[in-house]
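I have placed the structure first, in the form of structure tokens, so that the comments after it can refer back to it.
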Amino acid sequence: MKLTLADILNWLCETDARRLRELWERADRVRREHVGNAVHLRGLIEISSFCDRSCLYCGLRMPNREVLRYRMSAEEILQAARAAGERGYGTIVLQAGEDPGLDIDALGQVIARVKRESALAITLSLGERSEEELRALKNAGADRYLLRFETSHASLFDQIHPLKPAEPPGQRWALLSCLRELGFELGSGVMIGLPGQRLEDLAWDVEWFRRWDLDMIGVGPFIADPQTPLGAMPLSNRAENALQVQGDEVTTCKVIALARLVCPRANIPSTTALATINPERGQRLGLERGANVMMPNFTPAKYRRAYAIYPQKAGSRCTVEESDRSARDCLAALGRPVASGRGDSPAMERRRATSSRTLEASYRAE
Ligand code: SAH
């Protein structure tokens, strides 16, 4: 039965443990039925910590002078990609701050090289880039793009994500359409517990996951970073509103479970931010409540701590071997197999099949 916006909000407000168990079980069942038991591993490579934005939530924001800035060389990216391929991964994710110094032609060459050398799928998460750049990266062979809309509450988004000089508002939303049109598998998502975010807003976020028919949905708790304006805000300001969303484990799991219910075929990771707020059980809980993807970190150890989008990020002191091992141990404990292959989006396959059927039907009608 289709979840209405009111149902989504009711679940977000639910506190009864027995009822919540129903939600977890339902999400777990839908996950099993639509995307199976196997969990896809994606190798996350954080290729640059430079950023020329000033987002109020993110530790990589340009004005933060405490961050070490680095940009991986083409050779370093290739090596990290090969390491993921050798360990049997089907996908690498190249993520970065909005780095104006990123050479898009050179990155395109790296992408083309990885595609020539291996069967790896490539996901990009480079923030807001121009349409020309996105098209060039797609033509070079990139398959998927992750760009979280962070919150669907437009004025909250505008507050926490100041525009660059001469930039038009609403660009991120428009870019999601552009990415879809360019043929990328589309990933988006939100942070949970942003100061000023209400449960109604979160219900709308989930509704938007459905409306976009997202291929990938990444959600995680907002983690306050004292080096950022949002992190430096006194706690009392955030807590004074009873409707304020809490960036806790249960709320995060509710959003993962609801995302699974509204987008049964999406690839949904159990995120590092969830592991950060509960190092023992966080990632496992996500996988038991709707998620089917993990993104172990393949960033070279020497750069990891510099990619500090928030403090105490899980895995930031680990080696590649340790990140890979801890994901596999988690899956072994859960009795879930590691998936093989690229793990393309079943939602995209279905959209293609449906649109070709619709086309066929309209030809026949003519
Ligand atoms: N520059 C890229 C990649 C950013 S990092 C972009 O803007 O898309 C990926 C995600 O980390 C962001 O989309 C955001 O949702 C999340 N993130 C950033 N700061 C965070 C914080 N303080 N707490 C939790 N998640 C955060």
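Read the figures in this text as sums done on the coordinates, not as results from a lab. These numbers were taken from a predicted model, which means no experiment stands behind them. Glycine gets a Cβ as well: all are built from the backbone with ideal geometry, and neighbour counts include every protein chain shown.
Structure above, values below:
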{"quantity": "Rg followed by Dmax, in Å, when the chain is reduced to its Cα trace", "calculated": "19.7, 64"}
{"quantity": "Candidates per GluC sites (Glu not before Pro) in segment 1-41, loop by DSSP, up to 16 other Cβ within 10 Å", "calculated": "GLU14"}
{"quantity": "GluC sites (Glu not before Pro) lying in DSSP loop within segment 47-106, provided at most 15 other Cβ fall within 10 Å", "calculated": "GLU66"}
{"quantity": "Cα shape, segment 1-57, gyration tensor, a/c 1.5 rule", "calculated": "oblate"}
{"quantity": "Top of ALA136, ALA332, ALA259 by mean-square fluctuation, Gaussian network on the chain, Cα under 10 Å", "calculated": "ALA332"}
{"quantity": "Whole-angstrom gap from segment 33-107 to segment 152-231, using each part's C-alpha centre", "calculated": "19"}
{"quantity": "Partner aspartates and glutamates for LYS302 [C-alpha distance under 20 Å; skip if fewer than 8 residues away on the same chain]", "calculated": "GLU46, GLU66, GLU75, GLU76, ASP99, GLU321, GLU322, ASP324"}
{"quantity": "Residue of SER130, SER345, SER323 that the Gaussian network model of the chain assigns the largest fluctuation, springs spanning Cα pairs under 10 Å", "calculated": "SER130"}
{"quantity": "Inter-label distance, nm, simple model (7 Å from Cα along the C-beta direction), SER73/ARG32", "calculated": "5.0"}
{"quantity": "Of the trypsin sites (Lys or Arg not before Pro) in segment 240-344, those whose Cβ has at most 11 other Cβ within 10 Å and which sit in DSSP loop", "calculated": "ARG317"}
{"quantity": "Percentage relative contact order, the chain, counting C-alpha pairs under 8 Å, at least six apart", "calculated": "24"}
{"quantity": "Among GLY88, GLY141, GLY335: highest mean-square fluctuation, GNM of the chain, C-alpha pairs under 10 Å", "calculated": "GLY335"}
{"quantity": "Partnerless Cys - the chain, beta-carbon criterion under 4.7 Å", "calculated": "CYS13, CYS51, CYS178, CYS253, CYS263, CYS318, CYS330"}
{"quantity": "Percent of C-alpha pairs per 5 Å bin, segment 244-293, short to long", "calculated": "5, 25, 32, 23, 12, 3, 0"}
{"quantity": "Inter-label distance, nm, simple model (7 Å from Cα along the C-beta direction), ASN64/ARG281", "calculated": "2.9"}
